[in-house]
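J.: Below is a structure I'd like to ask you about.
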Amino acid sequence: MKQVILHDIRSHYNVGAIFRTSDGAGVSKIYLTGYTPAPEDRFGRQVAEISKTALGAEKFVAWEKVEDILAVVQKLKTEGVTVVAVEQSNNSVMLNDFVVPEKVAYMFGSETAGVPLEVLAEVDIILELPMLGQKESLNVSVTAGIVLFR
């Protein structure tokens, strides 16, 4: 069982792309935390930028908007889910060495700031993609695709 946590993702297009990828990768639920936008606004109207890139996947993948990311982390851990933050860290495990747990929730953070240190302190594993070029990171939706289809 795979779940996803999107924390402080600012781009509606990244959120939509991750919904579409999550559908294809068999993700059962997406938690939208912090200021990550939801597929519906507070009035229940469809958010055009998300639906444009999700191509309807936001209707098939369960999602929940939760402000407090630490509450989500604790809830999932209580349910026996391994919470994996995808982030660069001195304590990270490289993707090639990672063994996927049976019940896992992958956390992806802000496009510019990543996952906050206080949140990284609460996760079970920090997972890193090896970068071989000059750039230090990939777009969050591309990273999600690589991790979710592994």
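The values are calculated or read from the model by the stated rules, or taken from the named source; none is laboratory data. Source: prediction; values computed, not measured. Here Cβ is always computed from backbone atoms with ideal geometry, including for glycine, and neighbour counts include all displayed protein chains. Keep in mind that these areas ignore ligands, DNA and RNA; they rest on the heavy atoms of the full protein, side chains included. Shrake-Rupley method; radii C 1.70, N 1.55, O 1.52, S 1.80 Å.
J.: For His7, His12, give the ranking by accessible area with the largest first, probe 1.4 Å.
T.: Per-residue accessible area, sorted high to low, gives His12, His7.
J.: Which lysines, on any chain, are close to Lys103 with Cα under 25 Å apart, when same-chain ones fewer than 8 places away are left out?
T.: The reachable lysines, counting only those whose Cα sits under 25 Å from Lys103, are Lys2, Lys29, Lys59, Lys65, Lys75, Lys77.
J.: What percentage of all Cα-Cα pairs in the range 1-84 are separated by more than 16 Å?
T.: 48 percent
J.: Mind checking which of Val140, Val86, Val100 has the largest fluctuation in a GNM of the chain, springs on alpha carbons under 10 Å?
T.: Checking each option, the largest mean-square fluctuation is seen for Val100.
J.: For a quick check, take a GNM of the chain with Cα springs below 10 Å and name the residue from Gln74, Gln134, Gln46 with the largest mean-square fluctuation.
T.: Looking only at Gln74, Gln134, Gln46, the largest GNM fluctuation is found for Gln134.
J.: In whole angstrom, how far apart do the alpha carbon centroids of the range 1-63 and the range 86-150 sit?
T.: 18 Å
J.: So what is the relative contact order for the range 1-106, in percent, with contacts set as C-alpha pairs under 8 Å and at least six apart?
T.: Here the relative contact order equals 32 percent.
J.: For the range 53-150, what is the per residue volume of the convex hull drawn over the alpha-carbon atoms, in cubic angstrom?
T.: 130 Å³
J.: Sticking with this structure for a sec: Quick one: grab the alpha carbon gyration tensor of the range 24-71, order the square roots of its eigenvalues as a ≥ b ≥ c, and give me rounded if a/c is under 1.5, else prolate or oblate depending on whether a/b is larger than b/c.
T.: Because a/c hits 1.5 or more and a/b fails to exceed b/c, the range 24-71 counts as oblate.
J.: What's the magnitude of the charge dipole for the range 35-117 around its Cα centre, counting Lys and Arg as +1 and Asp and Glu as -1 at the beta-carbon? Answer in Debye, nearest 20.
T.: Computed charge dipole of the range 35-117: roughly 180 debye.
J.: Now, a different point. Within 10 Å, at most 14 other Cβ atoms, and a DSSP state outside H, G, I, E, B define an exposed site. Report the longest part of the chain free of exposed chymotrypsin sites (Phe, Trp or Tyr not before Pro).
T.: 61-148
J.: Report the FRET efficiency, 1/(1 + (r/R0)^6), for Leu95 and Lys29, where r is their Cβ-Cβ distance and R0 is 22 Å, rounded to 0.05.
T.: On the way: r = 22 Å, r/R0 = 1.02.
E(calc), rounded to 0.05, equals 0.45.
J.: Follow-up question, since we're still on this one. Carbon-plus-sulfur fraction of the accessible area of the range 17-150, 1.4 Å probe, in percent? Spell out each step's value before the answer.
T.: Working: 3690 of 7250 Å².
Roughly 51 percent, rounded to a whole number.
J.: Here is a follow-up. Given the options Met94, Met131, Met107, which has the most mean-square fluctuation in a GNM of the chain, springs set between C-alpha atoms less than 10 angstrom apart?
T.: Greatest mean-square fluctuation among the candidates belongs to Met131.
J.: Given Cβ point charges of +1 (Lys, Arg) and -1 (Asp, Glu) and nothing else, what value in debye, to the nearest 20, does the dipole of the chain about its Cα centre take?
T.: 480 debye
J.: While we're looking at this one, here's another question. When ligands, DNA and RNA are left out and all protein chains stay put, how many square angstrom of accessible area per residue does the range 1-105 have with a 1.4 Å probe? Walk me through the intermediate numbers first.
T.: Numbers: 5340 Å² over 105 residues.
With the other protein chains kept in place, the range 1-105 gives 51 Å² per residue.
J.: What number, rounded to the nearest 500 deg cm²/dmol, is the helix-based mean residue ellipticity at 222 nm of the chain, given -39500 (n - 2.57) per DSSP H run of at least four residues and division by all its residues? Walk me through the numbers before you get to the answer.
T.: Details: 5 runs with 44 residues, N = 150.
Taking each H run of at least 4 residues, the total per residue is -8000 deg cm²/dmol.
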